[in-house]
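The next block holds one structure in the form of structure tokens; read it before the comments.
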Amino acid sequence: MQVVSTIAALRDALRQIRQQRNHHVTVGFVPTMGYLHEGHISLFQEARRRCHVVVASVFVNPLQFGPCEDFATYPRDCERDRALAERGGVDLLFTPAVEEIYPQVPLKRQTPSPRSSSTQSSQRLLLTTVSVAQVGDGLCGASRPGHFDGVTTVVAKLFNIVQPDKAFFGLKDVQQVAVITQMVTDLNMPVDIVACPTLRETDGLAISSRNVYLTSPERRQAPILYRTLREAARRVREGQWRTAAEVTEWVRTTLATAPLARVDYVELRTFPELRPVDLLAYSSDCSDDFARRESDGVDEPDRSIDSDELGKLCESYVLAVAVYFGRTRLIDNVVIDGEGALP
């Protein structure tokens, strides 16, 4: 595995690889923020299966951290990252410094004031960022303002630097995948986004770099996230609820049984578009009839609808949560559709 830390060195290495293979090469790219784990390795391995060359980046992006978030204390272990990247089959590891990606100072989008000093006006400001509307609203976008602008800006820069054919992301951060997919579509970027399943611990907790922050009592309670999501998915498929509000209220109530859990959000959205949901869409006529009665203002709270009467879901949904355990914020989700096994 070759390790480079500058844009020039990365581009030179990729140019040599393409020339050696007469440009008949598919480049797979996995952008990461480091502190690698088995979830990242699964992305590297999927890229290895689909591509001739695998490039990974390790870069803790300051633009996607809020003022009170953990940029300074975000876990870092460069030597461990190198070993795990090589084990995962990475050919080229890009480990730039912040100044390499953002030579502009300060790292915020600004317009210089007319009263700026000569020193400040001579600074190179970051005047261009990438923002995706609507898809980044709600979910993590509501509680982390500006977060996805930071994500899309750095990913757009990395795509321009690496110029991959395919890029691999984990579905644990389903909103990030949706935002990046929308950006690539809207800006005609020639890269395929490959969304990969969430990798989990044996007790169901989604593998995450932030899991190291959990205390022992918090770690014991954290698996309630996936247990609750999985049970909610089963009930939705069985037709136990008619509305998104019923789903999210049950999830909130269940999560509240963990004393150390503090819910940030619980949301049900369509998948993969992430549109807000009101009524659940089932394939039977009685479901359509129920929707018409709702729109006409007819309330029939005592009428029960069993799963045979409802039929299958005719839309796919994602049920997503963010929950604090102490100061550690964990996210997780399950995709719910009418086919296949439970997630």
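The values are calculated or read from the model by the stated rules, or taken from the named source; none is laboratory data. Not measured: the values here are computed from a predicted model. Neighbour counts run over all protein chains shown; Cβ positions are idealised from the backbone, glycine included. Quick note on the areas: whole protein, heavy atoms, side chains included, nothing else; ligands and nucleic acids left out. Shrake-Rupley method; radii C 1.70, N 1.55, O 1.52, S 1.80 Å.
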For PHE59, residues with placed amide H under 5 Å, excluding near neighbours: THR32, MET33, GLY34
On full extension of the chain, what length is gained from THR243 through VAL98, given 0.36 nm per residue of separation minus the C-alpha to C-alpha distance? 47.7 nm
³J(HN,Hα), Karplus 6.51/-1.76/1.60, whole Hz, each residue of segment 262-272, x for Gly, Pro: 10, 6, 8, 8, 9, 9, 10, 10, 5, 10, x
So the FRET efficiency between ARG262 and ALA133, C-beta based with R0 = 35 Å and rounded to 0.05, is 0.75
Read phi for every residue in segment 150-155 and hand back ³J(HN,Hα) as whole Hz from Karplus 6.51 cos²θ - 1.76 cosθ + 1.60, θ = phi - 60°, with x for Gly and Pro. x, 5, 5, 5, 6, 5
Which ³J(HN,Hα) values, rounded to whole Hz and listed in residue order, are derived for segment 80-95 from phi using the Karplus coefficients 6.51, -1.76 and 1.60 in 6.51 cos²θ - 1.76 cosθ + 1.60 with θ = phi - 60°, glycine and proline given as x? 5, 4, 4, 5, 6, 5, 5, 5, x, x, 6, 8, 9, 10, 9, 10
Would you work out which of SER57, ILE101, THR26 lies farthest towards the positive end of the dipole of segment 24-107, given +1 charges on the beta-carbon of Lys and Arg and -1 on that of Asp and Glu, about the Cα centre? THR26
If you roll a 1.4 Å probe over segment 165-244 with all protein chains in place, what percent of the accessible area is carbon or sulfur? 49 percent
First measure r as the distance between the Cβ atoms of ASP203 and THR73, then evaluate 1/(1 + (r/R0)^6) with R0 = 22 Å and state the FRET efficiency to the nearest 0.05. 0.30
I'd like to check one number: the per residue accessible area of segment 1-51, probe 1.4 Å, reported in Å² as a whole number. 51 Å²
If a paramagnetic tag sat 7 Å from the Cα of CYS314 along the Cα-Cβ line, which residues of segment 262-282 would have the backbone N under 20 Å from that point? 269-282
Residues with amide H under 5 Å of THR243's amide H, sequence separation 5 or more or different chain, H placed in the peptide plane at 1.01 Å from N; which? LEU280
What accessible area, in Å² to the nearest ten, does a 1.4 Å probe give for PHE271? 50 Å²
